[in-house]
Amino acid sequence: MSRRVLMMAALTAAVSLAIGAISALRCEAEAAPKRVLVVSYTAGFRHSAIPLGEKILLKLSQEDRDFNVTFCRTAEDVKRLMSPEALRRFDAVVFNNTTGNLGIPDLQAFLNWIREGKGFVGIHAATDTYHPEQIGGDRSYIDMVGGQFKTHGAQATVDIIVEDREHPSTRHLGPVWKVKDEIYEFRENNRDKLHVLMALDRHPDDGHPEAGQPGDYLIAWCRNYGKGRVFYTALGHRDDVWESAEFQKHLVGGIRWAVGLEGGPARK
Ligand SMILES: [Zn+2]
């Protein structure tokens, strides 16, 4: 073989190796799971379902494989994992029954991080978190999540009307989903600002004087927040709700939508 042929062969081998390495890298980048921070710290009431919720979110991430979870459980974890620098490592947060003022090092930077294109998933008490009166009248967190917890009555079995049956979080459900849980009421009805996924058309039978009266009680919604995506479900108090396949699919769909793996932006 002449020297020239040998050189050509070596060059061809080097180029194909490089192409192989680049496509392997690209493949890895495409398949990299989304990084989701699950926040379970509570500064107020602590739901007994929190550890079960963590266990189920871990299981769901292992089954799904397109996202993984990191847990943020203590005030110290919040300081360490939710600083503006630390948040850059994540694609979304899940507020797993958080309550009160969590002590996020810079709340406005956290909200801006979502606006810049990240995902927020709130479960049940996520609307019982950062009440304006807990943080000097600042409504910015409540405005982001889309509702502020007011009250709840006794646990009740409700017929939830699934208003959007195409969203990744609700498309596995029929037109009506019967669930027993603690049903939240919010201070305001923000239907005009949110894309409502599920709601009740009457007050839950929870012992309140309005029980059974017609009304509009939101259960789950999503919304655009700048370039970010916000998903919230008011369910998630009872262990058996967490354990149900319907709720788990609801959550996985909400997470996959919030990190941009599925579905377009919200209609609002
Ligand atoms: Zn609750």
Inset, instruction - Might you report the magnitude of the Cβ-based charge dipole of the range 132-196 about its Cα centre, with Lys and Arg at +1 and Asp and Glu at -1, to the nearest 20 debye? - result: 160
Inset, instruction - Could you compute the FRET efficiency for residue 77 and residue 201, with r as their C-beta to C-beta distance and R0 at 41 Å, rounded to 0.05? - result: 0.55
Inset, instruction - Neighbouring Cβ atoms within 10 Å as the yardstick, rank 166, 116, 54, 210 fewest first. - result: 166, 116, 210, 54
Inset, instruction - Would you mind checking the pairs 34/150; 178/249; 150/178; 79/193; 59/118; 59/178 and listing those with alpha carbons more than 27 angstrom apart? - result: 34/150; 79/193
Inset, instruction - In whole Hz, with x marking every Gly and Pro, tabulate ³J(HN,Hα) for the range 110-117 from phi via Karplus 6.51 cos²θ - 1.76 cosθ + 1.60, θ = phi - 60°. - result: 4, 5, 5, 4, 5, 4, 6, x
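Can you show me the helix-derived [θ] at 222 nm for the chain, built from DSSP H runs with n ≥ 4 at -39,500 (n - 2.57) apiece and divided by the number of residues, rounded to the nearest 500.
Numbers: 8 runs with 89 residues, N = 268.
When only DSSP H runs of four or more count, the value is -10000 deg cm²/dmol.
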Legend entry - Separation of the residue 193 and residue 133 label points, Cα + 7 Å toward Cβ, nm: 1.9
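Taking neighbour counts of Cβ atoms within 10 Å as a proxy for exposure, in what order, fewest first, do 169, 244 appear?
Numbers: 169 28, 244 15.
Going from least to most buried by this count: 244, 169.
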Inset, instruction - Starting at the first residue of the range 38-44, write each ³J(HN,Hα) from the Karplus equation 6.51 cos²θ - 1.76 cosθ + 1.60 with θ = phi - 60°, in whole Hz, x for Gly and Pro. - result: 9, 9, 10, 6, 10, 9, x
Inset, instruction - Translational diffusion coefficient, Stokes-Einstein: compute it for the chain using the Kirkwood radius over C-alpha pairs as Rh, at 20 °C and 1.002 mPa s, and state it as an integer in µm² s⁻¹. - result: 108
Legend entry - the range 247-258 - phi-based ³J(HN,Hα) in whole Hz, Karplus 6.51/-1.76/1.60, Gly and Pro as x: 5, 5, 5, 4, 5, 4, x, x, 5, 4, 5, 5
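If you place +1 on the Cβ of every Lys and Arg, -1 on the Cβ of every Asp and Glu, and leave all else neutral, what size is the dipole of the chain about its Cα centre, to the nearest 20 Debye? Can you show the working numbers first?
Values: 34 positive and 35 negative charges, 287 e Å.
The calculation lands at about 1380 debye.
Bear in mind that the values in this text are calculations on the coordinates, not laboratory data. Just so we're clear, the structure is a prediction, and the values are computed from it rather than from any experiment. Don't worry about glycine lacking a Cβ; one is built from the backbone with ideal geometry, like all the others, and counts go over all protein chains shown.
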